[in-house]
Amino acid sequence: MPPSAIPSLDLRDFHALAPEMILAFWGLLVLMADQTVFRSRTAARRQQAAGRLTLLGIVAALGAAFLPFVIRFNLYDLAKTLNFAGIDYVSFPDRSLFLGSLSDDMLTETFNVLLVIMLGLVSWLSMSWSFTEDWGEYFALLLWSTVGMMLLIASDELLSLFLTLELMTICLYLMTAFEKNKRRSPEAGLKYFVYGSVSSALFLFGLSLVYGLTGTTRFDAIQHVLRPILASSTGLAGNLAGATAVLLLLVGFGFKVAAVPFHQWAPDAYEGAPAPVTAWIATGSKIASFIALMKVLLVALRPWGSSYASVMSPGWIGIVVILSAVTMTYGNFAALAQRNLKRMLAYSSIAHAGYMLVGVAAAGVSVRRQESAGSVLFYLVIYGFSNIGAFAVAAWLARDKQSDEIDDLNGLAYRYPFLATCILLLMLSLIGMPPLAGFFGKLYMFMEALDQEGNQVTRVALIWLVALGLLNSVVSAFYYVRVLKAMFLRDPGRSVLSPASTSIALPIVLATAVVIGAGIYPAPLMEMMKGASIPMLSSNARAAVKFSADPSDDASSGSTEKLRDDASQQPSVDPGQTPPPAPTPVPAPAPKS
């Protein structure tokens with residue numbers, strides 16, 4: 001879609017938001033049912049009733065999220081039967097919704113399904129033990145936070161980005177403080193809220209600066225305004241207002257993804273929040289925030305990335321490289337000193353944010369932008385499922401021991417060998433051990449960072465960044481192995497955990513199945529993430545990508561080549577060289593007298 005085009009409002013746009021509307025309505029339904037029908041029941045029975053009702057709504061939302069795939073790919077020739085809105089997906093599969101504020105494309109459809117599946121696991125995990133009496137409010141906030149995450153991924157302009165980001169985080173603030181019988185939970189919620197409020201104010205100031213400099217809020221139009229006349233990128237050299245805007249935006253996104261030095265809230269919030277809430281903050285919130293970060297940096301602010309594709313020149317790519325190095329190093333070394341499982345996973349989450357920023361930096365300078373961004377999406381999916389399984393272990397400890405200490409896992413393998421083996425595989429995947437999916441996630445990201453065709457300084461900087469990532473992966477093995485040592489090598493003593501309920505065992509087993517399956521055969525998920533990255537990287541891809549039954553219509557390949565050609569237009573110039581001069585205008589001949 002050209003930046004100057006103004007899309008029209010179409011009632012069929014609501015068809016694309018069916019999963020979000022179902023979850024939003026179901027949150028109200030669960031809240032009303034808890035206040036009326038379930039009110040006379042005990043807290044335990046209300047928990048089970050509200051949880052089952054929530055799972056029923058999640059199943060309905062999952063069906064609505066799968067429906068666009070059936071229509072898009074015409075599975076079983078059901079496209080015409082199931083396409084109630086009459087949208088021609090074959091000739092125009094990716095569309096802008098609501099005057100260009102949201103998108104309906106492969107990226108949003110893919111992650112709608114993944115987020116709803118993760119939401120189901122977190123909701124089921126929430127039924128494992130009683131940590132509050134306000135179950136209607138809890139499950140409603142859980143559903144509404146997911147609506148914010150899904151709309152955040154679909155956001156295509158600054159205003160909807162900020163509103164959906166706040167919808168997600170406000171729900172998470174409240175859910176963090178739900179375990180009222182423990183003092184640390186309200187304290188964690190308050191700290192999360194205070195840090196989040198400050199970062200949101202700074203983030204909004206950065207958005208206002210971008211709008212003031214460009215006169216538009218749409219990502220594609222911002223890139224069009226910032227793009228220089230020449231094909232090369234200008235970076236932020238001599239642009240004080242632009243540099244201020246980028247720094248403020250990175251403060252806001254840095255808080256959401258827990259990147260150093262904006263991570264101070266994470267350890268206390270992770271430890272104080274109930275384990276299912278911590279799992280949702282660490283997975284769903286981080287997935288949505290990273291995708292929004294990539295859309296803003298790689299699309300809207302791409303011309304401010306760097307000058308001549310060099311990470312050492314003024315631009316946001318150099319800042320991201322520094323944030324990545326500091327975040328992964330601090331997160332891993334801080335985790336070494338932790339004895340509390342949730343605090344250890346909090347610092348581990350900070351370190352993983354640093355790994356993902358390596359992929360973001362690589363996508364900013366790479367001519368293989370689709371592959372680089374797809375590797376980050378692949379890593380996000382694997383990271384999300386692995387952490388849901390890890391925090392299910394924390395929920396198990398909270399249910400039986402009322403604590404989160406790693407020592408409480410002593411001797412778990414002697415009593416429950418199958419679940420202990422599943423936890424072993426999850427920890428090894430988080431370390432990055434082959435042949436599990438975590439290994440391939442890091443491998444794809446680091447290989448894309450190394451596979452650069454830019455100038456020598458950029459290649460050297462990314463090589464050092466990847467080397468630092470590998471070193472940090474080795475460091476992470478020491479604190480993950482501490483969990484395995486407790487389960488397999490220590491005596492259980494007198495106190496052992498009770499058998500895990502289905503609501504605890506299922507997330508652990510399913511997460512293990514994902515890391516094993518995506519490790520043994522990673523190609524399908526990787527190809528899916530590459531396809532999802534196409535509309536994320538190019539706003540024009542919504543008009544270019546077509547899924548046609550005609551084998552000769554290889555539009556997907558064409559759009560990929562367009563992304564590569566667009567990236568390759570940036571000249572490769574060493575910082576020590578003089579940039580290519582602008583073409584000298586040829587004066588018009590003087591008129592004859």
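The values are calculated or read from the model by the stated rules, or taken from the named source; none is laboratory data. Note that the structure is a prediction, hence the values are computed from the model and not measured. Here Cβ is always computed from backbone atoms with ideal geometry, including for glycine, and neighbour counts include all displayed protein chains. Heads up: the accessible areas ignore ligands, DNA and RNA and are worked out on the full protein's heavy atoms, side chains in. Shrake-Rupley method; radii C 1.70, N 1.55, O 1.52, S 1.80 Å.
Points worth noting:
- Probe 1.4 Å, protein heavy atoms only - accessible area per residue of segment 211-297 in square angstrom: 27
- Efficiency of FRET from Cβ geometry, A201 and K485, R₀ 51 Å, rounded to 0.05: 0.70
- Area of R45 that stays accessible when all protein chains are in place (1.4 Å probe, Å², to 10): 140
- Protein accessible area in segment 104-173, 1.4 Å probe - carbon and sulfur %: 74
- Contour excess over end-to-end distance, with Cα ends at F25 and L55 and 0.36 nm allotted per residue: 9.4 nm
- If the segment from L470 to L443 were pulled out straight at 0.36 nm per residue, it would be longer than the present Cα-Cα gap by 8.7 nm.
- Expressed as a whole percent, the accessible area of segment 268-345 that falls on carbon and sulfur atoms is 70 (1.4 Å probe).
- 19 Å Cα-Cα threshold exceeded, pairs from K191/K342; K180/K286; K286/K342; K295/K442; K191/K295: K180/K286; K295/K442; K191/K295
- Distant-in-sequence amide H partners of L102 (H built 1.01 Å from N, under 5 Å): L97, D156
- Amide H contacts of M433: F439, each under 5 Å away and 5 or more positions distant or on a separate chain (H built 1.01 Å from N in the peptide plane; Pro and chain starts excluded).
- Gain on full stretching of the segment that runs from E133 to A44 - 0.36 nm per residue minus C-alpha separation: 31.2 nm
- For segment 296-446, with +1 on Lys and Arg beta carbons and -1 on Asp and Glu, the positive-most of I322, A398, L341 along the dipole: I322
- Computed with every protein chain present, the accessible area of L247 is close to 90 Å² [probe 1.4 Å].
- Taking all protein chains together and rolling a 1.4 Å probe, M526 ends up with roughly 10 Å² accessible.
- Projecting label points 7 angstrom from Cα along Cα→Cβ for Y521 and M32 puts them 4.5 nm apart.
- Probe 1.4 Å, protein heavy atoms only - accessible area per residue of segment 435-488 in square angstrom: 42
- Share of carbon and sulfur in the accessible heavy-atom surface of segment 413-506 [1.4 Å probe, %]: 71
- Magnitude of the charge dipole, segment 378-518, Cβ model with Lys/Arg +1 and Asp/Glu -1, debye to 20: 300
- Across the options V367, G438, F488, the greatest Cα extent toward the positive end of the charge dipole of segment 364-502 (unit charges at beta carbon of Lys, Arg, Asp, Glu) belongs to F488.
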